[in-house]
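Reading through the structure tokens given below for one structure.
The values are calculated or read from the model by the stated rules, or taken from the named source; none is laboratory data. What you see is a predicted model, and the numbers here were worked out from it, not measured in a lab. No Cβ is skipped: glycine too gets one built from the backbone with ideal geometry, and neighbour counts run over all protein chains shown.
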Amino acid sequence: MTSIKLFILSNIDSVHTQRWVMALSQRGCTLFLFGINGVNLDFYTKLNNVTVQNYTYKHRANTLFSIILRRFESLRLYRLVRSKIKEFQPDIVHAHYAVDYGTLGVLSRFHPFVLSVWGSDVYGAIDFSWLQQQALRYKLSKADYILSTSEAMALETHKYTDKKIGVIPFGVDMELFRPLVKKNETGQFVVGTVKSLEPIYGIDVLIRTFKLVVEANPDKPLRLEIIGKGSQEKSLKMLAQDLGIADKVCFIGALPNNQLPTCYNRFDVAVNLSNKESFGVVAIEAMACGCPVVVSDAEGLKEVVEDGRTGIVVPKQNPAAAAVAIQKFIDNPLLRDEFGVAGIRRVKRYYDWQNNVCDMMRFYSNII
């Protein structure tokens, strides 16, 4: 079969976009990636058969006049997308994220048109205005195919469409995310998380949980590592200070994806207490490294973690329950090893990135 030509509408700076584009180009696809307000274009220069087009808005929609100017810019953007598609002549147009790129995909009027939902574009719809919800329904109705990364998100998407939704998980590269020979050499029990510091991800709940763990283990060296950045960083640091555990809480900041395996291997337990989660990528990454997990019962986390075997699922917004779960791993090192081995097996079976890419290639081939 000749090379598949894909016109992809997606966030250029997203690690998810980068991974899909790199994997598909390595499979021989010819790709045109179109993004808005992208910054990290250099990533794509080393990839074969990949053309990148970035459109940067000149006006911020913060005044009435700038809103009007932004509308004219949007018209120019829509015409530019259509012209690039006509020039590239793809086999498929695939938009990732319904709110912005889904709109571009619909307005391109190209078929076959694939729309992938990512999470907040669907889970956030409950807070949308009536008009925004209708817009989401319309975009889903215009897609020839709809994809989700999890069964939980597919179920949420079905609130806005009756169409069949395919599920292709966004797994992990098990050659990168794997157990390393050297783990924690400090003698401390390390609780860790890798999430953006935003309200939805419950980092404040994790800090309060860690406070309870510290109180229950006064003679044990403990450390909480928080990897990520976001709008709540200052308030979360103040919370750790107010709780008297600031000396045990390390805010490391955001790290490149290829540095995360070292972190997971340093963790004794990885914790994700999100209020909402469409797909538990971080939990999968931790399990692939042989690290047991404690997660909230958010739908996307419950789906990927096998409770009582690869991790422990606790109620959302419940520091006491999360602290009890963490304590089990403190008290029983053999349990950590047992859950770690089971986690690797589960990721290998369901969330191996190479298998997920093969599924996507098969999906594209079937369309053509």
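Go over the candidates I207, I226, I252 one by one and state the one that is exposed (fewer than 15 other Cβ atoms within 10 Å of the Cβ) and touching a residue at least 24 places away in the same chain (Cβ under 8 Å). Full working, then the answer.
On the way: I207 fails: exposed (fewer than 15 other Cβ atoms within 10 Å of the Cβ); I226 fails: exposed (fewer than 15 other Cβ atoms within 10 Å of the Cβ).
The conditions single out I252.
For the structure I just gave you, tell me whether R178 is charged (D, E, K, R) and assigned to a strand (DSSP E or B).
Values: charged (D, E, K, R): yes; assigned to a strand (DSSP E or B): no.
Judged against the criteria, R178 is not a match.
Yes/no per residue for (1) hydrophobic (A, V, I, L, M, F, W, C); (2) buried (at least 24 other Cβ atoms within 10 Å of the Cβ):
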site: S235; (1), (2): no, no
site: M238; (1), (2): yes, no
site: I245; (1), (2): yes, no
site: P256; (1), (2): no, no
site: A270; (1), (2): yes, yes
site: E277; (1), (2): no, yes
site: G290; (1), (2): no, no
site: V295; (1), (2): yes, yes
site: V304; (1), (2): yes, yes
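For residues in region 113-130 being assigned to a strand (DSSP E or B) and of a type in the set (A, V, I, L, M, F, W, C), which is surrounded by the most Cβ atoms within 10 Å (Cβ to Cβ)?
First, the residues of region 113-130 that are assigned to a strand (DSSP E or B): 113-116.
Filter once more, keeping what is of a type in the set (A, V, I, L, M, F, W, C): 113-115.
Working: F113: 22, V114: 23, L115: 28.
Checking each candidate, the answer is L115.
Which numbered condition trips up Y57, out of (1) modelled with pLDDT of 90 or more; (2) in contact with a Lys or Arg (Cβ under 8 Å, 6 or more places away or on another chain)?
It fails just one condition, (1).
Yes/no matrix, rows are residues, columns are (1) modelled with pLDDT under 95; (2) on the phi > 0 side of the Ramachandran plot:
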site	(1), (2)
N272	no, no
E277	yes, no
V282	yes, no
G290	no, yes
G300	yes, no
A321	no, no
Q327	no, no
V341	no, no
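In region 23-46, what residues are surrounded by fewer than 17 Cβ atoms within 10 Å (Cβ to Cβ) and within 26 Å of N355 (Cα to Cα)?
Passing the criteria: Q26, R27, G28, T45, K46.
Yes or no: region 157-169 includes at least one residue that is among the aromatic types (F, W, Y) and closer than 17 Å to F363 by Cβ.
No, region 157-169 contains no residue that is among the aromatic types (F, W, Y) and closer than 17 Å to F363 by Cβ.
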